[in-house]
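The values are calculated or read from the model by the stated rules, or taken from the named source; none is laboratory data. Please read these numbers as outputs of a predicted model, since none were measured by experiment. Counting neighbours? That spans all protein chains shown, and the Cβs are built from the backbone with ideal geometry, glycine included.
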Amino acid sequence: MSPAVVEENIQAAGLTFPVLRAGNTGPLVLCLHGFPDNPEGYRGIAATLAAQGYQVVCPYLPGYSPLNQRRDGAHDAVFVRDALNALVAVLLKETGQQQCHLVGHDWGSVIACLMAQHRPALYKTLCAMSVPYGMSWLKIATRCPVYVLHAWYILFFQFKGLADWLIRRRGFALLAWLLKFWSPGYVGMPAMQQSVIQTFQQPGVLKAALEYYRTSMFSFMPLGFHIRSLFNKTIPVPTLALRGELDVTMPEAVWEVVSPKAFPKGIALEVYAGAGHFIQYERGDAIARRLLAWFKQGDSAA
């Protein structure tokens, strides 16, 4: 019988983090979701990992709950990075451990890379799903100009007010369409759409989620230039990268320009045939098995 996945709140960095949690003993694992999403995609994975002796915590990213929204500024990647590293520090102290395994998907992948880059001593391993790190934007523009078409939504999100209004129309129909477009083969899509829309209907969540884009490496704000510079640094943590073969948000050509030099302790890229963007939903059992093997490798090396 798989361990129960429970919902609880954890205090860190002056915020209250709602989390899904499974397992009471063993090495700690932190799993981060992306956009537009919530931790529910990790529920089955967390139960599987806990059944194999891991403690798994899957928080709502800062801003994705009214309980963990910033009151004195925007939800930029540096703020989110530091808040989640503080959460990790709380969890490590609570469990009496020195390091944990870190997993991220989409924006969770971006933030996980920044967390591991900033505080590498906290992490045994890193798994980045669906969005790469260590990219050269110049190389992407020259080798994969079609990416500009795939990334249309990033530009759209910069139109503050207009984008917010259009996303909210018809009960967040645009978010439901994005989910379906990015993972067209996922049979559980209706339940996923309902769960994600419920998350975004909460006060402040849409604003916070769009601030990730409006203050990030994708923007032309001063902070965007700083965050872009962070993508030129190295991550001294063993890294596993996973992507779906049919992911239209990050075509294969984008992954081909990832620099191995950004990962001095190694990076392995693996592709899931027939899968789209949300691989933790589409290939949950396979992802759980791969993570177990990856974590055991990291635990033995620690």
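Please go through the range 24-37 and give me each residue that is closer than 18 Å to residue 284 by Cα and surrounded by fewer than 24 Cβ atoms within 10 Å (Cβ to Cβ), ordered by number.
Of everything in the range 24-37, just one residue is closer than 18 Å to residue 284 by Cα and surrounded by fewer than 24 Cβ atoms within 10 Å (Cβ to Cβ), namely 35.
Can you go through 174, 162, 149 and tell me which one is in contact with a Leu (Cβ under 8 Å, 6 or more places away or on another chain) and without any contact (Cβ under 8 Å) to a residue 12 or more places away in the chain?
Unique residue meeting the criteria: 174.
Run residue 215 past the list (1) of a type outside the set (Asp, Glu); (2) surrounded by 21 or more Cβ atoms within 10 Å (Cβ to Cβ); (3) out of contact with any His (no Cβ under 8 Å at 6 or more places or on another chain) and report the number of the one that doesn't hold.
(3)
Please enumerate the residues belonging to the range 192-214 that are within 17 Å of the chain's Cα centre (by Cα) and either of a type in the set (A, V, I, L, M, F, W, C) or part of a loop (DSSP other than H, G, I, E, B) (or both).
192, 196, 200, 205, 206, 208, 209, 210
Taking the conditions exactly as written (within 20 Å of the chain's Cα centre (by Cα) and under 29 Å from residue 264 (Cα atoms)), does residue 189 satisfy them or not?
No.
Name every residue in the range 290-302 that is assigned to a helix (DSSP H, G or I) and either touching a strand residue (DSSP E or B) at 6+ places or on another chain (Cβ under 7 Å) or touching a residue at least 12 places away in the same chain (Cβ under 8 Å) (or both), in order of residue number.
Hits for the range 290-302 are 290, 291, 292, 294, 295, 297, 298, 299, 301.
Here is a check on your reading of the model: is residue 53 at pLDDT 95 or above, over 18 Å from residue 116 (Cβ atoms) and in a loop (DSSP other than H, G, I, E, B)?
Yes.
Surrounded by fewer than 19 Cβ atoms within 10 Å (Cβ to Cβ), part of a helix (DSSP H, G or I) and in contact (Cβ under 8 Å) with a residue 12 or more places away in the chain - does that describe any residue in the range 264-282?
Within the range 264-282 (the criterion being surrounded by fewer than 19 Cβ atoms within 10 Å (Cβ to Cβ), part of a helix (DSSP H, G or I) and in contact (Cβ under 8 Å) with a residue 12 or more places away in the chain), the answer is no, since none of the residues qualifies.
I need the full set of residues from the range 259-302 which are farther than 21 Å from residue 36 by Cβ and among the charged types (D, E, K, R), in order please.
261, 265, 270, 285, 289, 290, 296, 299
State whether one or more residues within the range 227-238 are among the charged types (D, E, K, R), in a loop (DSSP other than H, G, I, E, B) and in contact (Cβ under 8 Å) with a residue 24 or more places away in the chain.
Yes: one or more hits.
Considering only residues of the range 239-263 that are outside any strand (DSSP E or B) and touching a strand residue (DSSP E or B) at 6+ places or on another chain (Cβ under 7 Å), which is farthest from residue 77 (Cα to Cα)?
Here the residue is 245.
Out of all the residues in the range 195-212, is one or more farther than 23 Å from residue 65 by Cα and of a type in the set (Val, Ile, Thr)?
no
Looking only at the range 92-135, count every residue that is basic (Lys, Arg) and in contact (Cβ under 8 Å) with a residue 12 or more places away in the chain and tell me the total.
So the count comes out to 2.
Would the range 49-60 turn up any residue that is over 29 Å from residue 276 (Cβ atoms) and either among the aromatic types (Phe, Trp, Tyr) or buried (at least 22 other Cβ atoms within 10 Å of the Cβ) (or both)?
Looking through the range 49-60, at least one residue is over 29 Å from residue 276 (Cβ atoms) and either among the aromatic types (Phe, Trp, Tyr) or buried (at least 22 other Cβ atoms within 10 Å of the Cβ) (or both).
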